[in-house]
1. Within segment 179-198, which residues are more than 16 Å from LYS118 (Cβ to Cβ) and either under 20 Å from the mean Cα position of the chain (by Cα) or not hydrophobic (A, V, I, L, M, F, W, C) (or both)?
2. Could you tell me which residue of segment 183-202 is modelled with the lowest pLDDT, considering only residues that are over 15 Å from VAL125 (Cβ atoms) and open to solvent by 80 Å² or more (accessible area, probe 1.4 Å)?
3. Within segment 117-165, which residues are polar (S, T, N, Q) and part of a helix (DSSP H, G or I)?
4. Please count how many residues of segment 130-157 are open to solvent by less than 30 Å² (accessible area, probe 1.4 Å) and over 19 Å from ALA177 (Cα atoms).
5. Has segment 65-88 got any residue that is assigned to a helix (DSSP H, G or I), over 46 Å from the mean Cα position of the chain (by Cα) and touching a residue at least 12 places away in the same chain (Cβ under 8 Å)?
6. Quick check on THR164: is it in contact (Cβ under 8 Å) with a residue 40 or more places away in the chain, open to solvent by 50 Å² or more (accessible area, probe 1.4 Å) and β-branched (Val, Ile, Thr)?
7. Can ALA180 be described as open to solvent by less than 80 Å² (accessible area, probe 1.4 Å) and touching a residue at least 60 places away in the same chain (Cβ under 8 Å)?
8. Just one of the numbered conditions (1) at pLDDT 85 or above; (2) in contact with a helix residue (DSSP H, G or I) (Cβ under 9 Å, 6 or more places away or on another chain); (3) more than 30 Å from LYS171 (Cβ to Cβ) is not true of PHE24; which one?
Amino acid sequence: MDGDWPAHDSSHSPQNNEPDVAGFVTDPVFFAHRVASQFQLGDKSRADVVDIAKYINDLPPAMILVSIVNFGAELKTHETLAGIQQEITNLATKVNAVMDTVETKPSLTKGQEDDILKQTKLSVVDPMRTSYENDGIVTDVYAALKKNSDRNSFKSYFSREHATMQHVINKEIRREASYAKSTLQTLLMKTSLVSTTKAAEIIFKSMGNGRISVPETARVLILVFLTFSSKSNWG
C-alpha cells in the first residue's frame, strides 16, 4: 500500500510516540474501501471490511487503521486459499473424468501395442507351445504381460485391472496372434529349402529377441513342421 500512508509530521510532539493517523482515517468506511481496493478483495470481502469499519468509529485512529488493514489482509489470505482449494477441486474433477474415460473408453498406447506384438511373437514361437488356437495364445500373452509388468508399459494398468481395458488388451492380442501365426507360417514356407540352422536364424530374427536362442528357435521350427503342416492347423 505504498503511497497510502501519512507522511511523518516533524511538528508532532516528541513526547507522543503514536503516529499521527487521525487525518488519515477520519472516514473509516472510505479508508476500508481503499484497503479493499489495495488488496483487490472480492465483493463479499470488501463488504465485510466496510461493515467492520462502521462499528469501530469510537476506537483511536491508530487502532482503526491497524484493525482495518489486518482484517483486509486476513480476508485476502482466505480468498487466496479458497482460490487454491477451488483449483484443486477442479483438477480433481478433471482427473476423475480422465480416469472414467480411461476405464469406460480405454485405448492402448503405441508402447503397449508394441509390447503386445513382441510378447505375442514370443508366445507363438515358445518351444513349449502345443496349441496354436488364439484363445490359448491370448491367455498366455496376457499372463506374460502381467508377470513382466515391471518391465513393460502395463505396470500402471496391472496395478488396478478392470474388465473394460482387459477386453481391449485381449482383442489386440487376438489380432496380433493371427498376424504372428501368419508371419511364422510365411517364414516356414520361405525357409523350407534352406538348412535348419539358417531357417532358425531367419525365424529368430523376425520372431524372437535376445532371450530366445537359435537352438530354441530350431526346436520350434521342427515342432511346427511336424505338427502344423497345413494352414487349417493354425486355429
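The values are calculated or read from the model by the stated rules, or taken from the named source; none is laboratory data. The structure presented is a predicted model; accordingly, all values stated were derived computationally and were not measured. So basically every Cβ, Gly included, is an ideal-geometry build from the backbone, and we count neighbours across all protein chains shown. Side chains included, ligands, DNA and RNA excluded: accessible areas come from the protein's heavy atoms. Shrake-Rupley method; radii C 1.70, N 1.55, O 1.52, S 1.80 Å.
1. SER182, GLN185, THR186, LYS190, THR191, SER192, SER195, THR196, THR197, LYS198
2. THR197
3. GLN119, THR120, SER123, ASN134, THR139, SER149, SER156, THR164
4. 2
5. Checked segment 65-88: at least one residue is assigned to a helix (DSSP H, G or I), over 46 Å from the mean Cα position of the chain (by Cα) and touching a residue at least 12 places away in the same chain (Cβ under 8 Å).
6. yes
7. yes
8. Condition not satisfied by PHE24: (1).
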